[in-house]
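Reviewing the structure listed below.
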Amino acid sequence: MKVATAATDLEYEYIVVGSGAGGGPLASRLARAGHKTLLIEAGQDETKDLNVTVPGYMAAVTQDPKIRWDIFVNHYADQNRAQRDPKYTWETGPFQYHVGPNPPEGAKPLGILYPRAGTLGGCTSHNALIWITPHASDWNGIAQLTGDDSWNATNMNQYLDKVYEWLPTGPTDPTILVNDIMLAQHYVAGAAAIGVGPRPVNAVPGLANLLLNDPNSRINPERDETPGFFQVPLTQQTGSRTGVKDFIQSTVQGGYPLDIRTNTFVTKIIFDESGDTPRATGVEFQDGEYLYRASPLSVNSTAGTPKTASASKELIISAGAYNTVQLLKLSGIGPKEELNSFNIKVIKDLPGVGTNLQDRYEIPVNVVHPNDFPILNGCTFDQKPHDECLKKWEDNPYVLGQRGAYATNGLAATLAIHSATAENEDIDVVIFGGPVNFIGYFPQWGDFAIADHKHFSWYALKAHTRNHAGTVQLKSTDPFDPPLINFNYFDTGTTAGGADQLDVESLVQAINISRKALTDYYDYDVLGGTTFIEQEPGDKVTSEADLEQYIKDRAWGHHASCTAPIGADNDPNAVLDSQFRVRGVQNLRVVDASVFPRIPGIFIQSAIYMVSEKAADVILNG
Ligand SMILES: Cc1cc2nc3c(=O)[nH]c(=O)nc-3n(C[C@H](O)[C@H](O)[C@H](O)COP(=O)(O)OP(=O)(O)OC[C@H]3O[C@@H](n4cnc5c(N)ncnc54)[C@H](O)[C@@H]3O)c2cc1C
């Protein structure tokens, strides 16, 4: 890969900061249009690492010290309340953690782990690969809010086509699943719980048929509202992870003028203030591995000397929902009071920067069987010579069905539901099933999730959540210090019109459906799967009130977004206009998960990729 090295090299037409879902496609498109473009990435290129390429390692990759950033967030400002979550984490030494109650003397409270990736491809290089495209209402909402018709869903379709030019996707091969009868029994029961299960005698072929249902169907005009049982499309091709990393690399290999500068951390945006309106002209950065203090390898890192790079046309910030906010604020773009309190010179008072933080709410029902799921036989998830599933994956590179368990993320099927408290006609809850013990994120969550092969989770995700009361604020003026992140969950966040309660009720309904799937499992005992015991929430948590408490204590999210939102011209909290331009300054845009006024769809990477393609179109074609 071509790498820009000396500071004197660094004059570009466009600079894009961050190579994730937002920055990667855009930088590639700008270069493919012939523009000299610099893509700056804090992390390094780990795209050949098996942790990244093997879908079955999707938990292991989030623990990889070369890739991971440990960000800790607060679900509740009240720490006593926050600590009701058994995932609440304490620091006992540098990157040494205690999880749960009774921390050792002197341990420092941190909050809830929010995994992030500092690496080429950003979080798309470590995410769970799930590919579910946005709802039409997501785009039409932005069109309505801004009066910019180019956001309407029909027009946005072209950007999905653009993404598919470089991103292969596909579901888990059904033959991998139907060989595991216990797993198949869970899946048919899930289908039965929502009224579409095959008859028991026809369970296995019936399941194979159900797994043909595509949740992203572009043929069904009622796709957004259609409940049912669906396959889960993944960002994979013949069982290897795909993502923007591939598009970036093929752009460089194709000889387009794209320079990638990895191990480079941008600390500040440079403005020319000589005119009436401040104009972004470039960035200050430092070279060095693992500079950000969220990286466990930062303990040994040393920053290089500060350098600069200039952009003659535009600078685009795509550092993700947390880091884009941090960079804007450190550069003088944000709420005046907060900037003043840190003695940061105000370039533009934009009160909305770092507000409006949104996410899903997710919650599991987990059971344990007395025996292992056969699909996981030989899987040790550790790349060691005894990892027979890796051998199978490596020995069968071309045929998806023969690559075995590692050719999937383990979450092969989902129930899609329109909950009783959904805001509109769209599906608003999905419930994924897989042979895993998933209870959310905490240090070493991946090891916990696959510590044995006996667990099964139905885990629910509430889409179109109503809470928009989260914040991202500076902790200090040190650019390597992660910011303060408060989600203000449920009744401590957006409560107008009973918003918090409506979201909780959707999740109670999801738990009840998950439990029905577990009851219906026994209707299919002709398949011969063994019995199980519910562990989470557990048989003592049954009343409505107890279920609500379980959800409020333990829910989590992993689609942080909306912190530098696009909005109407007359909205003082709108950070961006409908063309991604930062209001009140010139030559500066934001393109990543931050840009949404409302959290889109069910899974967010598709929406961000589409937005990135749209931004390229706007920048190149006006
Ligand atoms: C564990 C996990 C699983 C997920 N699974 C799914 C899934 O299955 N499906 C789905 O749709 N979504 C999933 N997501 C969410 C999705 O991957 C992210 O929302 C998406 O990648 C965000 O894109 P982004 O461009 O906003 O930010 P990112 O992808 O985070 O990219 C930002 C990049 O900017 C770099 N950067 C940050 N600050 C600086 C700086 N100052 N200087 C230089 N570089 C910088 C970072 O290193 C990073 O590479 C998951 C997220 C997590 C954490």
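With unit charges on the beta carbon (Lys/Arg positive, Asp/Glu negative), name the residue among Gly255, Ala107, Tyr398 whose Cα is farthest towards the positive pole of the charge dipole of the chain.
After comparing all options, I get Gly255.
Pairs of Cα atoms under 8 Å, at least six residues apart: use those to get the relative contact order of segment 67-116, whole percent.
Answer for segment 67-116 is 47 percent.
Taking amide H positions as placed 1.01 Å from N in the peptide plane, with prolines and chain starts having none, which residues 5 or more places from Trp69, or on another chain, fall under 5 Å of its amide H?
Amide H to amide H, under 5 Å and 5 or more residues apart or across chains, Trp69 pairs with Arg116, Ala117, Gly118.
Efficiency by 1/(1 + (r/R0)^6): what FRET value for Tyr398 and Ile219, r their Cβ-Cβ distance, R0 = 22 Å, to the nearest 0.05?
0.15
Residues with amide H under 5 Å of Cys379's amide H, sequence separation 5 or more or different chain, H placed in the peptide plane at 1.01 Å from N; which?
Those qualifying (amide H under 5 Å, at least 5 residues apart or on another chain) are Cys389.
How large is the Kirkwood hydrodynamic radius of segment 67-116, in angstrom, based on all distinct alpha carbon pairs?
11.0
³J(HN,Hα) across segment 578-592 via Karplus (A = 6.51, B = -1.76, C = 1.60, θ = phi - 60°), whole Hz, x for Gly/Pro?
Per-residue couplings from phi come out as 6, 10, 6, 7, 5, 5, x, 9, 10, 6, 9, 10, 10, 9, 5 Hz.
Highest first, please rank the peptides 375-385, 299-309, 403-413 by the mean number of other Cβ atoms sitting within 10 Å of their residues.
Order by mean packing, descending: 403-413, 375-385, 299-309.
Using θ = phi - 60° and the Karplus relation 6.51 cos²θ - 1.76 cosθ + 1.60, list the HN-Hα couplings for segment 172-187 in order, rounded to whole Hz, with x at every Gly or Pro.
Computed from phi, the couplings for segment 172-187 are 4, 5, x, 5, 5, 7, 5, 6, 9, 5, 5, 5, 4, 5, 5, 5 Hz.
At 1.4 Å probe size, with every protein chain present, just tell me what the per residue accessible area of segment 67-116 comes to in Å².
47
Can you pull the semi-axes for segment 195-248, root of five times each eigenvalue of the Cα gyration tensor, sorted largest first, whole Å?
For segment 195-248, the ellipsoid semi-axes come out as 28, 17, 7 Å.
Between Asn209 and Lys268, how many nm apart are label points set 7 Å from Cα along the C-beta direction?
Output for this residue pair reads 6.6 nm.
Based on the mean of other beta carbon atoms within 10 Å per residue, what is the order of 270-283, 18-31, 345-358, 242-255, most packed first?
18-31, 345-358, 242-255, 270-283
Can you tell me the accessible area per residue over segment 489-579, all protein chains present, probe 1.4 angstrom, in square angstrom?
Here the per-residue accessible area is 41 Å².
Quick one: which of 43-53, 581-591 comes out on top by average Cβ neighbours within 10 Å, and what's the full order, highest first?
So the order, starting with the most tightly packed, is 581-591, 43-53.
To the nearest 0.05, how large is the calculated FRET efficiency for Arg84 and Lys345 if R₀ is 45 Å and r is the Cβ-Cβ distance?
Taking R0 as 45 Å, the efficiency between Arg84 and Lys345 is 0.60.
Shape of segment 417-535 from its Cα gyration tensor (a ≥ b ≥ c, root eigenvalues): rounded if a/c is under 1.5, otherwise prolate when a/b > b/c, or oblate?
Since a/c reaches 1.5 but b/c is at least a/b, the shape of segment 417-535 is classed as oblate.
With +1 assigned to the C-beta of every Lys and Arg and -1 to the C-beta of every Asp and Glu, and no other charges, what is the dipole magnitude of segment 67-116 about the Cα centre in debye, to the nearest 20?
160
Counting only heavy atoms of protein chains, what accessible area per residue, in Å², does segment 200-252 have with a probe of 1.4 Å?
Per-residue accessible area for segment 200-252 comes out at 40 Å².
Under the Kirkwood approximation for Rh and a Cα-based Rg, what ratio Rg/Rh is obtained for the chain?
For the chain, the value is 0.95.
Can you list the HN-Hα couplings for segment 199-216, worked out from phi with the Karplus curve (6.51, -1.76, 1.60; θ = phi - 60°), rounded to whole Hz and with x for Gly and Pro?
For segment 199-216, the Karplus-derived couplings read 5, x, 5, 10, 4, 5, x, x, 5, 4, 5, 4, 6, 7, 5, 9, x, 9 Hz, x marking Gly and Pro.
At a Förster distance of 25 Å, what's the computed FRET efficiency of Thr226 paired with Asp149, Cβ-Cβ distance as r, to 0.05?
For R0 = 25 Å, the calculated efficiency reads 0.40.
Rounded to the nearest 500 deg cm²/dmol, what is the calculated helix-only ellipticity per residue at 222 nm for the chain, with -39500 (n - 2.57) per DSSP H run of length n ≥ 4?
It comes out at -7500 deg cm²/dmol, rounded to the nearest 500.
Keeping the other protein chains in place, figure out the carbon and sulfur percent of the accessible area of the chain, with a 1.4 Å probe.
Ligands and nucleic acids excluded, carbon and sulfur reach 50 percent.
With +1 on each Lys and Arg Cβ and -1 on each Asp and Glu Cβ, how big is the dipole of the chain about its Cα centre, in debye rounded to the nearest 20?
That gives a dipole near 940 debye.
Just how large is the dipole of segment 4-70 about the Cα centre, in debye to the nearest 20, putting +1 at every Lys and Arg Cβ and -1 at every Asp and Glu Cβ?
220
Given H placed 1.01 Å from N in the peptide plane, which residues other than close sequence neighbours of Gly197 have an amide H under 5 Å from its amide H?
Result for Gly197 returns Ala192.
In the chain, which Cys residues have no partner Cys with a Cβ closer than 4.7 Å?
Those would be Cys123, Cys562, since no other cysteine Cβ in the chain comes under 4.7 Å of theirs.
Do the alpha carbons of any pairs in Lys36/Lys329; Lys245/Lys307; Lys329/Lys614; Lys48/Lys245; Lys516/Lys540 sit beyond 19 Å of each other, and which pairs?
Pairs exceeding the cut-off: Lys36/Lys329; Lys245/Lys307; Lys329/Lys614.
For the chain, what's the relative contact order in percent, using C-alpha pairs closer than 8 Å and at least 6 residues apart?
It rounds to 23 percent for the chain.
The values are calculated or read from the model by the stated rules, or taken from the named source; none is laboratory data. All figures in this text were calculated on a predicted structure; none of them were measured in a lab. Neighbour counts run over all protein chains shown; Cβ positions are idealised from the backbone, glycine included. The accessibility values were calculated without ligands, DNA or RNA, using every heavy atom of the protein model including side chains. Shrake-Rupley method; radii C 1.70, N 1.55, O 1.52, S 1.80 Å.
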